[in-house]
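The values are calculated or read from the model by the stated rules, or taken from the named source; none is laboratory data. This is a predicted model, so every value here is computed, not measured. Cβ placement follows ideal geometry from the backbone for every residue including glycine, while neighbour counts extend to all protein chains displayed. The protein model used for the area step is the full one, side chains on, heavy atoms only, and it has no ligands, DNA or RNA in it. Shrake-Rupley method; radii C 1.70, N 1.55, O 1.52, S 1.80 Å.
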Amino acid sequence: MVSTNLNGIDRKLLNLLQAEFPLTVEPYADLGLQLGIEADEVLHRIGQLKTEGIIRQISPVLDARSLGYQTTLVAMRVTGSRLDGAERVIANHPGVSHGYERNHNFNFWFTLAIPHGADMESELEQLTGPIGAEAVFALPAIKLFKLRAYFDMDEDGQTADGTVAQSDEVLPGAVELSQTDRLVINKLQQDIPLIPRPFTAISAQLGMDVDDLLVKCQLFKQRGIIRRFGAAINHRQAGFQANAMTCWMAPPSMVDIAGQKLASLREVSHCYERKTNPLWQYNLFAMIHGHSREACREIADKMTCETGLTDYVLLFSTKEFKKTRVKYLV
């Protein structure tokens, strides 16, 4: 159930902010036009939603690989008194965006991004060595089917989320960036200020005209550098109490079929094919979100019936120790 503290306007506002923040001179006024309220009220409501911990930040979602970064999911087995220390070490790394404890023998999971040219194996050894984990392995992506977190807050279901199945499959490579591109990308990676003309303030810091900055942002979207510009939501605060990293063992002939089916589901935010290793043979990953664990299980069971993939595990998060957007220095 969506948080009962939110009224109808707040829910519609959250959906709009997740779908796409307006890349315009007066974005809060434009949001207000869609909601039938004034810009000042939009600013007040967003400020309140941040105070309540529902909105984490409003900023661009950048494609790490387009910027020349390497990324991977990492799993560890960490036991007993080592857990607190492991959380501190991993959370302090600037390339870690998500970190969770999960209810599995491999109980410690995080995502890691490092610059092009760095050695992932060496980075992991240096990062995890002091932790004393019983096991550590990386699960880099092979194919991407979906990467879009969206939590539908509008109970009447009338606000479209814009989520569609992605069939990117081939992971993007680094794009060529000019010096101006780099300056703009580095500056944009901040929580957009709650002032009537936030992009005007940012463009002034860059010494640019605001219209030129907004054109640059649109070009970044067209080039795949910015996946979307929007709000990151604290799903638990918003009423989505459960999330399950669901992993299937899919034969090569079924990976694309099952991956696209999973990507088409609104409840699925991330879907990848990942490399396997002797400790982890599950190759198809989907992050399922729901109001309860049972709701997540029902979705996984339904996908098993539709695809015939019966060998899978659900790893529910028991603790979130980091969730942020990585700042990519380019």
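Heavy atoms of the protein chains alone define the surface here; on that basis the chain has 44 Å² accessible area per residue at 1.4 Å probe size.
Pairs Lys146/Lys275; Lys50/Lys187; Lys143/Lys322; Lys143/Lys275: which exceed 19 Å Cα-Cα? Don't jump to the answer; show the numbers that get you there.
Numbers: Lys146/Lys275 17 Å; Lys50/Lys187 21 Å; Lys143/Lys322 25 Å; Lys143/Lys275 10 Å.
Correct reply: Lys50/Lys187; Lys143/Lys322.
Compared with the alpha-carbon gap, the fully stretched path from Gln237 to Gln190 is longer by 14.7 nm at 0.36 nm per residue. Look at the alpha carbon pairs under 8 Å that are at least 6 residues apart: their mean separation over the length of the chain gives a relative contact order of 27 percent.
Report the gain in length on full extension from Asp40 to Glu20: 0.36 nm times residue separation, minus Cα-Cα distance, nm rounded to one decimal. Working shown, then result.
Values: separation 20, 0.36 × 20 = 7.20 nm, distance 1.93 nm.
Residue separation times 0.36 nm, minus the Cα-Cα distance, leaves 5.3 nm.
The charge dipole of the range 249-304, taken about its Cα centre with unit charges on the Cβ of Lys, Arg, Asp and Glu (plus for the first two, minus for the last two), comes to roughly 80 debye.
Only aspartates and glutamates eight or more places from Lys261 in sequence, or on another chain, were considered; those with a Cα closer than 12 Å are Glu306.
By a straight-distance test (C-alpha under 15 Å), which aspartates and glutamates pair with Lys319 as possible cross-link partners, with residues fewer than eight away in the same chain excluded? Straight-distance partners of Lys319: Asp84, Glu87, Glu101. For the range 251-258, 3J(HN,Hα) computed residue by residue from phi via the Karplus equation (6.51, -1.76, 1.60; θ = phi - 60°) reads x, x, 5, 10, 4, 5, 4, 5 Hz, glycine and proline entered as x.
In a reduced charge model with +1 at each Lys and Arg Cβ and -1 at each Asp and Glu Cβ, the chain shows a dipole moment near 520 debye about its Cα centre.
Paramagnetic label reach from Ala91 (point 7 Å along Cα→Cβ; backbone nitrogen cut-off under 17 Å): within the range 225-247, residues 234-237. Projected over all directions and averaged, the alpha-carbon convex hull of the range 173-330 occupies 12.3 nm². The HN-Hα couplings worked out from phi for the range 67-75 by the Karplus form 6.51 cos²θ - 1.76 cosθ + 1.60 (θ = phi - 60°) are 8, x, 8, 9, 9, 7, 8, 10, 10 Hz, whole numbers, x standing for Gly and Pro. Between the listed residues Ala238, Leu188, Phe285, the Cα displaced farthest toward the positive end of the dipole of the range 184-330, a dipole computed from Cβ unit charges relative to the Cα centre, is found at Leu188. Note on the chain: with neighbouring protein chains present and a 1.4 Å probe, carbon and sulfur make up 50 percent of its accessible heavy-atom surface.
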